[in-house]
1. Taking R0 as 45 Å, what FRET efficiency do you get between LYS100 and GLU152 from their Cβ-Cβ distance, rounded to the nearest 0.05?
2. Could you run the Karplus curve 6.51 cos²θ - 1.76 cosθ + 1.60 with θ = phi - 60° over the stretch 177-183 and give me ³J(HN,Hα) per residue in whole Hz, x for Gly and Pro?
3. Going highest first, how would you order 66-77, 301-312 by mean Cβ packing within 10 Å?
4. For GLY58, which sequence-distant residues (separation of 5 or more, or a different chain) have an amide H within less than 5 Å of its own amide H, given hydrogens modelled in the peptide plane?
5. Using only Cα atoms, find the angle between the long axis of helix 307-321 and the longest principal axis of the chain, and express it within 0 to 90 degrees, rounded to the nearest 10.
6. Over the chain, calculate the relative contact order: mean separation of alpha carbon pairs under 8 Å at least 6 apart, over the residue count, as a percent.
7. Would you calculate a helix-derived [θ] at 222 nm for the chain, using -39,500 (n - 2.57) for each DSSP H run of n ≥ 4 and dividing by the full residue count, to the nearest 500?
8. For the pairs LYS8/LYS236; LYS151/LYS247; LYS12/LYS191; LYS43/LYS227; LYS25/LYS195; LYS123/LYS299, note any where the Cα-Cα span goes beyond 29 Å.
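No value in this document is a laboratory result; all are computed from the given coordinates. Keep in mind that this is a model prediction, so the values were computed, not measured. Every residue, glycine among them, receives a Cβ derived from its backbone with ideal geometry; neighbour counts consider all protein chains shown.
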Amino acid sequence: MKPDHIYKQELKKIESKLTAYFKGKNPESLYKPSKYVLEGGGKRIRPFLVLTSAKAVGGEFKQVYNAALAVELLHNFTLVHDDIMDNSEMRRGRPTLHIKYDQNTAILAGDILVTLSYESLLKDCKENSVKILQTFTHGIIEVCEGQSLDKEFELRSDVTINEYKEMIYKKTAALAEMCCSIGARIAGADKFNLKAAENFGKYLGMAFQIQDDLLDLIGEEDKFGKKIGSDLVEGKKTFLFIRALEKSKGNDKKLLMKIIKNKGIEYSEVDSYKNIYYRLNVIDDAKKEILRYTKLALKNANSLPDIDGRELMIWLANALIGRNK
C-alpha cells in the first residue's frame, strides 16, 4: 500500500478512536467542550509520528495506538491554552473553545485533555514505563517553556536567530521529537535507532516551523488556512523578520523597527514589507534553512531498520514541506 493511503487509513482509525474515547464520559459540561476541540480536525501529524516511529524501528502500529491518541490529546490541550493566551477567536474555521463557551470552561477542558493524555499513554506502557513517562512529561515542559519564550519575544527588540531556534525547538520540534521517542521506545528500539527516530522528529519539527513562517508570507491563502501576512500584522518575531532585521540598513531597518514599535502593521502594508524581505533575500535564507533541516531529518530516517517505516517517514517529510523528492 502507498504511504499516502496508509496515512489516510490510519487517520480514520485515529479519528474513530478519539471519538470513542469520549463516549459515555460525564459530566457533559466537561467532556462536551473537550470533544468539541478534537472535532475541529487537523492533519493528526503527531499521532502519525508515533505510529511511523514504532514501525521504523521494527515494531507495529497496534503497539502504540493509545500512545498516538495521547499525543493528540496533549497537542489539543496546548491549542486550547494558546488560543486563550493569544485571544484567538477562530481555529480551523470554527470559534475557539473559550469563545464558544467561556474562558473557565476552556481552561478546565484543557486540563482534562492533558490528564486524559496520561491515562491513554499508560495503556501502552508495558515495559520501560518510567522512561516513557519521563519523555512524555519532558515534552510538555518544553512546550510550556517554548510558549513562554514566544510571549517574552513579543516584548523584545533584540531577539537573535539562535534564540528564535531555541524557541521553535521547544514550542514545536520538541513535541515532534517526543512523539518519535515514545513510539520508538514502546516498540523496543535500541539506543542507536531511538536517537535516529528522535532526531527525525526534531529536525522535521524545525523545518516545519520555519516553513510555517515562510508560508505565512508567500503561501496560498486557501491552502494555508489563514490570511497571508498575519505574522507581520501581529508583529511576530519569525525567522524571516529576525533575519531581515539582521541584514537590513537605512530605511529598510527603520521600517522593520517600526513593526516592533507599533507591535505590528496593517494588512495594507504587507506587500511593501514582503518586497523588503525579497530584496534582502531572506525568503531564500528561509528556504535554505528548511532544506537543511529536512535533509537532516531524512538522513536519520534512512538509518532506521524497517523499510516500510522508513518510507512512511520520508513520505511524511516530503508531504509536510511541499517537496517532490
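1. The formula returns an efficiency of 0.95 here.
2. Rounded to whole hertz, the list is 4, 5, 4, 5, 5, 6, x.
3. Top of the packing list down: 66-77, 301-312.
4. So GLY58 has HN proximity to ASP306.
5. 30 degrees
6. Over the chain, the number comes to 20 percent.
7. Rounded to the nearest 500, it is -23500 deg cm²/dmol.
8. Details: LYS8/LYS236 34 Å; LYS151/LYS247 24 Å; LYS12/LYS191 32 Å; LYS43/LYS227 19 Å; LYS25/LYS195 38 Å; LYS123/LYS299 32 Å.
Where the Cα-Cα span goes over 29 Å, the pairs concerned are LYS8/LYS236; LYS12/LYS191; LYS25/LYS195; LYS123/LYS299.
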